[in-house]
1. Select, from Leu44, Leu70, Leu144, the only residue that is assigned to a loop (DSSP other than H, G, I, E, B), touching a Leu at 6+ places or on another chain (Cβ under 9 Å) and modelled with pLDDT of 95 or more.
2. Where residues in the range 112-123 are surrounded by fewer than 19 Cβ atoms within 10 Å (Cβ to Cβ) and touching an Asp or Glu at 6+ places or on another chain (Cβ under 7 Å), which of them is farthest from Thr96 (Cα to Cα)?
3. Name the single residue, out of those in the range 103-115 being under 16 Å from the mean Cα position of the chain (by Cα) and part of a loop (DSSP other than H, G, I, E, B), that is nearest to Thr148 (Cα to Cα).
4. Which ones in the range 24-40 are exposed (fewer than 15 other Cβ atoms within 10 Å of the Cβ) and either part of a loop (DSSP other than H, G, I, E, B) or modelled with pLDDT of 95 or more (or both)?
5. Return the only residue of Thr96, Thr121 being without any contact (Cβ under 8 Å) to a residue 60 or more places away in the chain, in a loop (DSSP other than H, G, I, E, B), over 20 Å from Thr34 (Cβ atoms) and of a type in the set (Ser, Thr, Tyr).
6. Among the residues of the range 58-70, write down those that are surrounded by fewer than 20 Cβ atoms within 10 Å (Cβ to Cβ) and under 15 Å from the mean Cα position of the chain (by Cα).
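The values are calculated or read from the model by the stated rules, or taken from the named source; none is laboratory data. If you're wondering where the values come from, they're calculated on a predicted model, not measured in any experiment. Here the Cβ positions follow ideal geometry from the backbone for every residue, glycine too, while neighbour counts run over all protein chains shown.
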Amino acid sequence: MKRLLPWLTVAVAAFVLAACNSSNPNVLPTPGPTCSPGNIQTQLIYPAPGATGIPDAFGQVIVASSPSPLPTSWDVVVATAISPSGVSGNTFQQATPPFPTPNATPSFSNPQYQSSTFSQTFPGEVVTVFLNNTASTCTPVGPLGSFTTQ
């Protein structure tokens, strides 16, 4: 099973990149441009990329960006083998440290932190995170990283 997980993550990532974002009611894959945050650098902070044992109901995904925060019309989409088309979080809200552990340290200076929240649970799954512009029909960009729930 452990050998299958990396391939499953790649398959999920490929499917999500071809899937619609949350602002488009059509559930069929959308050919089109990938969402672009422009010159804004982004990084997954919580849960830290590669982390294991994350609670099934992790509640939020925190992203760092620089030199400015992402617009509030953006959110994250998480995908798993059970939900390969992705589940959208709520649009970004400002977040301030301290953050739950395990978390990552941004690789760039002057990070702005934003949180996208979830009410769903993802028991025992590899969760892959993508950025999504809900004000567009673009394809979510990523993956930013993945982590494993309990």
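1. Leu70
2. Pro123
3. Among those that are under 16 Å from the mean Cα position of the chain (by Cα) and part of a loop (DSSP other than H, G, I, E, B), it is Asn103.
4. Matches in the range 24-40: Pro25, Asn26, Val27, Leu28, Pro29, Pro31, Gly32, Pro33, Ser36, Gly38, Asn39.
5. The conditions single out Thr96.
6. Within the range 58-70, Gly59, Gln60 qualify.
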